[in-house]
Structure formats: C-alpha cells, structure tokens
Amino acid sequence: MSIQFGPDYVRAIAPYQGGKPISEVAREFGLDESKIVKLASNENPLGVPQSAQTAMLKAAADLGRYPDANGFDLKAAIMAKYNVPQDWITLGNGSNDILELAAHSLVEPGQSVVFAQYSFAVYPLATQAVGGRAIVVAAKDFGHDLVAMAAAIATDTKLVFIANPNNPTGTFLAAAEIEAFLKKVPAHVVVVLDEAYNEFLAADLQYDSIAWVRQYPNLLVSRTMSKAYGLAGLRIGFGIAQPGITDLLNRVRQPFNVNSMAQAAAIAALNDTEFLQKSARLNADGYIQLTNAFKALKLEFVPSFGNFVLVKVGNEDSAGARINLELLKRGIIVRPVGNYGLPQFLRVSIGLPEENAAFIAALTEILAA
C-alpha cells in the first residue's frame, strides 16, 4: 500500500512548464544548437545589456558572501525611479515570486482568488499552492472583463490578479478601465496588477500605476526585469505597495531571495534608458514583421501589446500541437498554449529580424504542405 504525502490541493497541482530550452530541442531532434531559434519564452532577443554585464563582473568578486538580504542599493534605485518609500518595495526572485508571496501571505485554505480566463498560468498555481479556491472569470475578446471580475468577487475573496498587458494573449486594459475597477473593489481585497510587459507599451498608452498605489492601500503592482530589461536568467522582480501589504510579503519572503549578481545587474539595467528604448523599438518593428506575415498567410491573431503574438494556426483542436511539432523539427521553438485552453493557437515571442524571418519561412512551408 502506497502512502500519499501532503494535502490533496498540492497533489492536484500540475507543475508549471516553461518553454523548451534550446539544448533539449537539439538533443530530441538531432539539431545543431547554433541554428535553433527560440521564440517561446518572451525573452529579450538583445540579451543582457552591457551595463548589467559590467555590474555583474564587479559583483562576482564578492560572491563568497551572502547578498544583502534587504537589497538596500537596489531598493534605492527603485525608489529613485518610481518615487516611492523604501518600505513600499518587496524584492522577488522574478515577479513570479511576488505573485506567490501575495498568495501565501493573504490567502488561507478555502478562501477565493479571482482572475481571468486565459491569464498567466501562475495565478491558478499560486492559488492551488495555498489551498485557495479559484474564481475564473470568462475572458472578453481574449482579455479581462473587469466588470464581470468585479461582480465575481465573493465574501471570502482575498486576492484578485490582473495582468496588463496580459500573457499569453497580449491584450491591454486602458487606464480608465483599471481605475474604475479599483474603485469597485472592497478595501479588504488586494488587487495584484501584474505589469510584466509594461515597458513595451507605446508612450500614449502608458499610465501611472504607482499613483494608484498611493491612492489605494489594497493595490500591489508587480514588475519584472526578465522581459524588456533582458535579465530573465537572473530572476529578478519587485512589487510596490503600501506598507500594510509589503510588511506581510516580507514576513513570508525567503531570506536572500535575490542573489548578489541579480541585484547588481538590476541596478544597472534600471538606469539603462538607451537599452530599454532600443528593446522597445526592436519589439515594435518585430511585431509589424510578424503580423504582416500572419495577414499574408490569412491567419487570425490577437492584437498584442507585449513582446509576443498569439496566432491561430488551424481550426482543429490538434492544430497548435501539430504545427508546434513541425516547427520543432525545423529548429523553431514557439509556445503551444493548449494548457491555457487555446489548443488552436501558438504564442510566438518577438525576436531579432532574422529569427522572426526564420519562423515565418518555416510556418509558411508547414502550412503549404
């Protein structure tokens, strides 16, 4: 007789599956790693900024010592950039860490968490990990229906997750919609505004979410440095909220959760405006390159405000998996999203022009076969 360990709600969790690494695809299909194109994980195709590389080399000389557990220098850089007090900042091992900390510190077993259909896979995982009850609100045009989400908040709801822009669909909520939602949410329910792709928004779409944090004590804004800042491999993110929330997050946060090299790189990258602007320009051009190709191939896609595009590659439920496999055989890694309930779609990260071109050529060949 086998013994089962742990609570049922933990055993029910399906572990998060990241995009396939290049080395795995090379081994599986007998391909040359140097010729494989990875457009699966919404990484910055420019890689790590030189400013961050220089900072990491300097920090490497002191790796025999533990990192600053409180991240004083990094928090100072965030304070300067966003004009917030130090005790409004929580550092995370990626922004995923901030999302998990929010669930662990705010939700008890049986209490509910609200999030949208087709939103980031970590929201249900974080909810399950604490024994919470997920209230999944039907998507509207592949994005958040904030009116329905406000109506779905129950008496036991402790947390609401909103991604803007949303992953994996790329949809965007205008500032007025979010502010109207915040006004409706009960003061005891914490709203996590996950802005992992904020830096890719056009200037006319940018809004000041930190001003909302000053106005709403129940708002937590989450940011990552894995996308536009090019630091995905270092796992660095942060949350900004009033002390009533950050105090709780820091009570459950692991000590030394952000390593020394990540802290050093993040400080440099936060101040590297030139790299950030270059990344945004490359992304905007790549979006046009991909979507023009989809239009030429008569493929439906969801207009995106992030650094990826969700594209429908067939009408049958096996379409996404089938086309994904054919792309892998040709050394192109994208992201199937059947686990999000979107089996006819693929999510394609925007890469360098030549990487986008390789994907377009492979997809064109597959669809013509």
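The values are calculated or read from the model by the stated rules, or taken from the named source; none is laboratory data. Small disclaimer: the values here were computed from a predicted structure and weren't measured. No Cβ is skipped: glycine too gets one built from the backbone with ideal geometry, and neighbour counts run over all protein chains shown.
The residues of the stretch 188-225 that are within 18 Å of Thr157 (Cβ to Cβ) and surrounded by fewer than 17 Cβ atoms within 10 Å (Cβ to Cβ), listed by number, are His188, Pro217. Scanning the stretch 354-369 for residues that are among the aliphatic types (A, V, I, L, M) and crowded, with 17+ Cβ neighbours inside 10 Å, we see that the one that is farthest from Pro45 (Cα to Cα) is Ile366.
If you go through the stretch 322-338 and pick out every residue that is among the hydrophobic types (A, V, I, L, M, F, W, C) and free of Cβ contacts under 8 Å to residues at least 24 places away in the same chain, you end up with 1. Within the stretch 226-259, being closer than 17 Å to Thr54 by Cα and surrounded by fewer than 19 Cβ atoms within 10 Å (Cβ to Cβ) holds for Ala232, Gly233, Asn259. The residues of the stretch 252-273 that are within 23 Å of Ile210 (Cβ to Cβ) and of a type outside the set (A, V, I, L, M), listed by number, are Arg253, Asn257, Gln263, Asn271, Asp272, Thr273. Can you say whether Glu24 is at pLDDT below 95 and of a type in the set (Asp, Glu), as far as the supplied structure shows? The answer is yes for Glu24.
Residues that are over 24 Å from Ser304 (Cβ atoms) and either without any contact (Cβ under 8 Å) to a residue 12 or more places away in the chain or in contact with a strand residue (DSSP E or B) (Cβ under 8 Å, 6 or more places away or on another chain) (or both) number at least 2 in the following strands (runs of 3 or more DSSP E) confined to the stretch 150-235: 157-163, 219-224.
Pairs linking a residue in the stretch 262-288 that is of a type in the set (D, E, K, R) to a residue that is in a helix (DSSP H, G or I), with Cβ atoms under 6 Å and 6 or more positions apart or on different chains, are Asp272/Ser51. Against the numbered list (1) modelled with pLDDT under 95; (2) farther than 14 Å from Ile98 by Cβ, Asn250 comes up short only at (2). If you check Asp68, Asp73, Asp62 for being among the acidic types (Asp, Glu), surrounded by 15 or more Cβ atoms within 10 Å (Cβ to Cβ) and over 30 Å from Val309 (Cα atoms), only one passes: Asp68.
Checking Gly94, Gly132 one by one, the residue that is among the small types (Gly, Ala, Ser), buried (at least 21 other Cβ atoms within 10 Å of the Cβ) and more than 16 Å from the chain's Cα centre (by Cα) is Gly132 and no other.
Entry remark, the stretch 49-71: residues being within 17 Å of Asn93 (Cα to Cα) and either out of contact with any helix residue (DSSP H, G or I) (no Cβ under 8 Å at 6 or more places or on another chain) or in a loop (DSSP other than H, G, I, E, B) (or both) number 6 in total.
Kindly indicate whether Ile267 is surrounded by fewer than 19 Cβ atoms within 10 Å (Cβ to Cβ) and either among the aliphatic types (A, V, I, L, M) or in contact with a Cys (Cβ under 8 Å, 6 or more places away or on another chain) (or both). The answer is no for Ile267. Number of residues in the stretch 8-21 that are modelled with pLDDT of 75 or more, assigned to a loop (DSSP other than H, G, I, E, B) and either loosely packed, with under 11 Cβ neighbours inside 10 Å or polar (S, T, N, Q) (or both): the value is 1.
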